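None of the figures in this text is laboratory data; all of them are computed from the coordinates on show. The model shown is predicted, which means the values in this text are computed figures rather than measured ones. Positions of Cβ are backbone-derived with ideal geometry, glycine not excepted, and every protein chain shown enters the neighbour counts.
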Amino acid sequence: MRISEHIFENQEIVLDFAEFNHCEFKGCRMKLFGHGDFSLINCTLDDRCRIEIAGPAGRTLAMLSKLRQAGFSDFVDRVLESVRSGKISDSGAEL
């Protein structure tokens, strides 16, 4: 699904399998399940927007949290640094 130049207000937006181009999101609840790729190209989100991460994406976050709690904080920090630096591709990453 491709959407361009649209303003979303106070809506629930599922990101999976969607491409948003030059869109504005105001007070929206963004949902990411991790079932498919998505893109936000030249879009803006205001400070009232929230993101809900569930499904496979949520399980990945839970796994990282459990690893950190189990004493693997250095590993988790490397993963997060790879995310921050853009080193994670669509096919994943080996860390």
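The table that follows gives values for the structure above.
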| item | result |
| --- | --- |
| Rounded to 5, the percent of DSSP beta bridges in the chain classed as antiparallel | 5 |
| Residues with amide H under 5 Å from that of Met30, placed H, sequence gap 5 or more | Ile13, Arg50, Ile51, Glu52 |
| Tail fraction, Cα-Cα pairs, the chain, threshold 21 Å, whole percent | 42 |
| Within the chain: Cβ-based charge dipole about Cα centre, in debye rounded to nearest 20 (Lys, Arg +1; Asp, Glu -1) | 340 |
